[in-house]
Amino acid sequence: MPVARTPWQVMQGATHIATEHAIRGVQAEADGRVDHLLLLVSNTRHNRTALAEAGAALTATFPLGTRAVLSRLARGEAPQANGVVIL
């Protein structure tokens, strides 16, 4: 019988999770010491605007969005790229 795993137990390698309540500027850069970076941000108008203004630079570094990250975790899979999750 398979053992039930939480989404965090599927994370393998060096996945870093960073949280931001209020984004004060977006630096689209991931630390080279981690395999993947998940940026969790509060769902506020300010943060949505900051992310939209970062545009392609942010998307190039964080290609996965909220739906993609949460879908993979729900299936018991680790995200295989950096992502931004708006909560």
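Somewhere in the range 66-84, is a residue among the charged types (D, E, K, R) and in contact (Cβ under 8 Å) with a residue 12 or more places away in the chain? The answer is yes; a qualifying residue exists. Considering (1) at pLDDT below 80; (2) small (Gly, Ala, Ser); (3) exposed (fewer than 13 other Cβ atoms within 10 Å of the Cβ), the lone condition that residue 28 does not fulfil carries the number (3).
The values are calculated or read from the model by the stated rules, or taken from the named source; none is laboratory data. Every value quoted in this text rests on a predicted model; they were computed, and no experiment measured them. Glycine gets a Cβ as well: all are built from the backbone with ideal geometry, and neighbour counts include every protein chain shown.
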